[in-house]
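Step one of this worksheet: look at the structure below.
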Amino acid sequence: MNAFRLAGDMTHLLSVVVLLLKIHTIKSCAGISLKTQELYALVFAARYLDLFIHFISLYNTVMKLVFLASSFSIVWYMRRHKIVRRTYDKDHDTFRHHFLVLPCLALALLINERFTFREVMWAFSIYLEAVAILPQLVLLQRTRNIDNLTGQYVFFLGAYRVLYILNWIYRYFTEPHFVHWISWVAGIVQTLLYADFFYYYIMSWKNNVKLELPA
Amino acid sequence: TASLPAKDEL
């Protein structure tokens with residue numbers, strides 16, 4: 001495993017830790033999109049179907065379990081926890097996330113590495129992950145006061161995607177047979193979705209003012 | 001069929 005990949009996984013993990021910190025410790029999910037969290041739970045469920053079939057490494061298995069457990073528990077907290085769910089900004093989190101699922105499934109049926117159940121589900125999870133951040137970005141635009149933890153959560157998620165691209169570039173030159181076009185193209189699309197957010201995040205950090213996205 | 005590259009990423 002190269003340094004970019006490890007750093008990418010760690011920022012991904014950090015984003016989850018930041019979000020759990022906000023939800024578990026501060027008992028607030030203000031500014032967090034439940035739609036995005038539900039999509040992530042679906043992404044991990046679809047992608048890690050081979051969890052108990054293909055063993056890659058202890059690291060791999062543990063990380064997969066962490067992402068599965070954390071994504072489902074975040075959804076649980078936001079829907080069921082009696083204090084946390086009251087802080088959910090339902091009125092502004094209106095993105096029709098169900099309409100993202102079907103096109104991603106259709107695309108996975110058309111474009112996959114092999115037409116088997118697991119490969120189609122893998123491609124589906126890749127496509128869905130690429131667009132899963134959209135409800136969250138829309139909610140951020142509608143949020144007047146974006147708190148630091150929410151901003152950091154999205155920033156770490158975006159950093160994870162950037163680092164994964166660097167990881168692919170590295171792997172392309174060091175492992176000649178390692179090419180997953182599906183994850184590369186979807187991953188680049190996913191990263192571009194963060195470009196706008198990154199711009200405003202870095203500007204707010206540089207100018208030492210509160211993060212706010214223009215509507 | 002040729003084997004696919006390993007899916008070892010998260």
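The values are calculated or read from the model by the stated rules, or taken from the named source; none is laboratory data. Computed from a predicted model, the values in this text were never measured in an experiment. Quick reminder, even Gly has a Cβ in these numbers, built from the backbone with ideal geometry, and neighbours come from all protein chains shown.
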Could you say whether any residue in the range A:55-70 is part of a loop (DSSP other than H, G, I, E, B), within 14 Å of chain B (Cβ to nearest Cβ), out of contact with any strand residue (DSSP E or B) (no Cβ under 9 Å at 6 or more places or on another chain) and polar (S, T, N, Q)?
-> yes
Quickly run through the range A:45-54 and pick out the residues that are more than 10 Å from chain B (Cβ to nearest Cβ) and either of a type in the set (Asp, Glu) or within 14 Å of A:Phe124 (Cα to Cα) (or both).
-> A:Ala45, A:Ala46, A:Leu49
Quick check, is A:Leu20 among the aliphatic types (A, V, I, L, M) and free of Cβ contacts under 8 Å to residues at least 40 places away in the same chain?
-> no
Go over the candidates A:Ile83, A:Ile56 one by one and state the one that is more than 17 Å from the chain's Cα centre (by Cα) and under 21 Å from A:Leu20 (Cα atoms).
-> A:Ile83
Within the range A:198-205, is even one residue within 14 Å of chain B (Cβ to nearest Cβ) and either at negative phi or under 22 Å from the mean Cα position of the chain (by Cα) (or both)?
-> no
If you scan the range A:188-209, which residues turn out to be more than 25 Å from A:Cys104 (Cα to Cα) and either surrounded by 14 or more Cβ atoms within 10 Å (Cβ to Cβ) or β-branched (Val, Ile, Thr) (or both)?
-> A:Phe198, A:Tyr200, A:Tyr201, A:Ile202, A:Ser204, A:Val209
The lone condition A:Asp93 fails out of (1) surrounded by 20 or more Cβ atoms within 10 Å (Cβ to Cβ); (2) part of a helix (DSSP H, G or I); (3) more than 14 Å from chain B (Cβ to nearest Cβ) is (2)
Tell me, please, whether a residue that is touching a Gly at 6+ places or on another chain (Cβ under 6 Å), crowded, with 22+ Cβ neighbours inside 10 Å, modelled with pLDDT of 95 or more and assigned to a helix (DSSP H, G or I) can be found in the range A:131-144.
-> no
Candidates A:Arg96, A:Arg144 - the one that is more than 26 Å from A:Leu51 (Cα to Cα) and under 18 Å from the mean Cα position of the chain (by Cα) = A:Arg96
Condition broken by A:Glu113, with the remaining ones in (1) acidic (Asp, Glu); (2) part of a helix (DSSP H, G or I); (3) within 14 Å of another protein chain (Cβ to nearest Cβ) satisfied | (2)
Answer from A:Val185, A:Val120, A:Val154 - the residue that is modelled with pLDDT of 95 or more, crowded, with 19+ Cβ neighbours inside 10 Å, more than 14 Å from chain B (Cβ to nearest Cβ) and closer than 28 Å to A:Arg96 by Cα | A:Val154
